[in-house]
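**Student:** The structure that follows is given in the form of structure tokens.
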Amino acid sequence: MPRFAANLSFLFTEHDFLDRFEAAAKAGFTAVEVLFPYAYEPAEIRARLVSNSLELALFNLPPGHWDKGERGFAGVPGREDEFSYAVDLALRYADALGCRRLHAMAGLVTHGACRETYVTNLRLAAAWAADDDVTIQIEPINRRDMPGYLLSRTADAREVIAEVAAPNLMLQLDLYHRHIEEGGVPAAITEFAPLVGHYQIASPPDRGEPDHGEVDYREAFRLIDASGFEGFVGCEYKPRAGTLAGLGWAPRLGVSLG
């Protein structure tokens, strides 16, 4: 059975951020993920993880000026020094929080993001992360939700991973993004399973809970299990009517949150 992580940037937003850890644990989760933890000291977050017996499955490297439209800058030329600092900061948080997976966002082609810079920066990130036994994740993101994102197709992510050639660079396969951009979720799980270090889920077309929508998540979970995957499945969806009200998807799909 997949191990699920509540994405606290999407779920339990009825609570202040630091209170979401307790809410997730009380709802039955044993792991969480977040987009960006950097507004808080590591000790503050670690205390919430420990007191609620939670594991932090994943978070992102600093994304640049998010509120000004940036979506990462790993692929943006001229910002290599800033990217190095972002990797160092993320690894310090990962060490303090016991997190073994970091997602490096590529950036937008409209901001100059290109594959050559992306590959170079990912080599640096993977090399530094390897010393801390941390895996760097790259995620194809659909162009409907994030127009202009450098990496949108799963096969392109595979090519980048092969070019970087680092054993700790892996695929973050968000099944919602895959469906919107390319379709073929069951085939993607089977084809790309050897590269996947982390999954994320939500139902197309509205990015809601995974039991209503265009993807058969009961079948998806079966295929993930059959692949031998031992990592986490991040619940990065937008609750349709409040977080707790929507958690009935788990028993309906024959899985448990913890």
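**Student:** In whole Hz, with x marking every Gly and Pro, tabulate ³J(HN,Hα) for the stretch 131-142 from phi via Karplus 6.51 cos²θ - 1.76 cosθ + 1.60, θ = phi - 60°.
**Tutor:** Going residue by residue, I get 5, 9, 6, 10, 9, 8, 10, 10, 10, x, 10, 5 Hz, with x marking Gly and Pro.
**Student:** Turning to a different aspect of this structure: Let me know the charge dipole size of the chain about its Cα centre in debye, to the nearest 20, where only the beta-carbon of Lys, Arg (+1) and Asp, Glu (-1) is charged.
**Tutor:** 380
**Student:** Apply the Karplus curve 6.51 cos²θ - 1.76 cosθ + 1.60, θ = phi - 60°, to the phi angles in the stretch 218-235 and return the couplings in whole Hz, x for Gly and Pro.
**Tutor:** 4, 5, 4, 5, 4, 5, 4, 4, 5, 6, x, 4, 10, x, 10, 10, x, 8
**Student:** Another question, then. Amide H neighbours of A6 under 5 Å, at least 5 residues apart or on other chains, H built in the peptide plane: list them.
**Tutor:** A31, V32, E33, C235
**Student:** Right, next: Can you give the log10 of the normalised intensity I(q)/I(0) at q = 0.12, 0.16, 0.17 Å⁻¹, computed with Debye over equal Cα scatterers of the stretch 143-258?
**Tutor:** After summing over all Cα pairs, the log10 values are -0.43, -0.76, -0.85.
**Student:** In whole percent, what relative contact order does the stretch 57-150 give with Cα contacts below 8 Å and a gap of six or more residues?
**Tutor:** The value is 34 percent.
**Student:** Once you put a point 7 Å from the Cα of D156 and another 7 Å from the Cα of K68, both along the Cβ direction, what distance in nm separates them?
**Tutor:** Label-label distance for D156 and K68, simple model: 2.5 nm.
**Student:** Treating the beta-carbon of each Lys and Arg as +1 and of each Asp and Glu as -1, no other charges, what is the dipole magnitude of the stretch 88-184 about its Cα centre, to the nearest 20 debye?
**Tutor:** Result for the stretch 88-184 is approximately 200 debye, rounded to the nearest 20.
**Student:** If I take every Cα pair under 8 Å that is 6 or more residues apart in the chain, average their sequence separation and divide by the length, what percent do I get for the relative contact order?
**Tutor:** Relative contact order of the chain: 21 percent.
**Student:** Right, here's the next one. Just subtract the alpha-carbon distance of R240 and R123 from 0.36 nm times their residue separation and send over the number in nm, one decimal.
**Tutor:** Result: 38.2 nm gained on full extension.
**Student:** Counting helices only, and only those DSSP H runs with n ≥ 4, report the 222 nm mean residue ellipticity of the chain as the sum of -39,500 (n - 2.57) divided by its residues, in deg cm²/dmol to the nearest 500.
**Tutor:** When only DSSP H runs of four or more count, the value is -11000 deg cm²/dmol.
**Student:** Please state the charge dipole magnitude for the stretch 1-83, taken about the Cα centre, from unit charges on C-beta atoms (+1 on K and R, -1 on D and E), reported in debye and rounded to the nearest 20.
**Tutor:** With only Lys, Arg, Asp and Glu charged at Cβ, the dipole is about 280 debye.
**Student:** Once you have the Cα-Cα distance between A130 and D206, take 0.36 nm times their residue separation minus that, and quote the gain in nm to one decimal.
**Tutor:** Extra length available between A130 and D206 comes to 23.7 nm.
**Student:** Once you have all Cα-Cα distances for the chain, histogram them in 10 Å bins from zero and send the whole-percent values.
**Tutor:** 7, 32, 38, 21, 2
**Student:** To the nearest 0.05, what FRET efficiency results for S227 and D145 with a Förster distance of 25 Å applied to their C-beta separation?
**Tutor:** The calculated FRET efficiency here is 0.45.
**Student:** Just to be sure I understand: if I project the alpha-carbon convex hull of the stretch 1-101 onto a plane and average over all orientations, what area do I get in nm²?
**Tutor:** About 7.2 nm², averaged over all directions.
**Student:** For E219 and C114, calculate 0.36 nm times their separation in residues minus their Cα-Cα distance, and state this gained length in nm to one decimal.
**Tutor:** Stretched out fully, the E219 to C114 stretch lengthens by 34.2 nm.
**Student:** Also: Amide H of D174 versus every other amide H placed in the peptide plane: which residues, excluding those fewer than 5 positions away on the same chain, fall under 5 Å?
**Tutor:** Counting only residues 5 or more places away or on other chains, the set is Q200.
**Student:** Rounded to whole Hz and in sequence order, give me ³J(HN,Hα) for the stretch 146-152 from the Karplus expression 6.51 cos²θ - 1.76 cosθ + 1.60, θ = phi - 60°, writing x for Gly and Pro.
**Tutor:** Coupling constants for the stretch 146-152: 9, x, x, 5, 4, 10, 10 Hz.
**Student:** Now for a separate question. Where does each of E14, E33, E181 land when they are ordered by accessible area, with a 1.4 Å probe and the largest first?
**Tutor:** Heavy-atom accessible area, descending, gives E14, E181, E33.
**Student:** What Kirkwood Rh does the stretch 113-172 have if only Cα atoms enter the pairwise 1/r average? Answer in Å.
**Tutor:** After inverting the mean inverse Cα-Cα distance, the result is 11.8 Å.
**Student:** Need the C-alpha centroid separation for the stretch 27-49 versus the stretch 172-217, integer Å.
**Tutor:** 25
**Student:** Provide H111, H177 ordered by accessible surface of protein heavy atoms (probe 1.4 Å), highest first.
**Tutor:** So, going from the largest accessible area down, we get H111, H177.
**Student:** Then there is this: I want the antiparallel fraction of DSSP beta bridges within the chain, as a percent rounded to 5.
**Tutor:** Around 10 percent of the beta bridges assigned by DSSP in the chain are antiparallel ones.
**Student:** Report relative contact order for the stretch 45-87 in percent, whole number only (criteria: Cα-Cα under 8 Å, sequence separation at least 6).
**Tutor:** Contact order relative to length: 24 percent.
**Student:** Further question: Label points 7 Å out from Cα along the Cβ direction at D95 and E14: separation in nm?
**Tutor:** Roughly 3.9 nm, to one decimal.
**Student:** How large is the convex hull of the Cα atoms of the stretch 46-128 per residue, expressed in Å³ as a whole number?
**Tutor:** Hull volume over Cα atoms, normalised by residue count, gives 90 Å³.
**Student:** Based on the Cβ-Cβ distance from M1 to Y85, what FRET efficiency comes out when R0 is 25 Å, to the nearest 0.05?
**Tutor:** 0.05
The values are calculated or read from the model by the stated rules, or taken from the named source; none is laboratory data. This structure is a prediction, so every number in the text was calculated from the model and none was measured. Backbone-built Cβ (ideal geometry, glycine too); neighbour counts: all protein chains shown. For accessibility, only protein heavy atoms count, side chains too; no ligands or nucleic acids. Shrake-Rupley method; radii C 1.70, N 1.55, O 1.52, S 1.80 Å.
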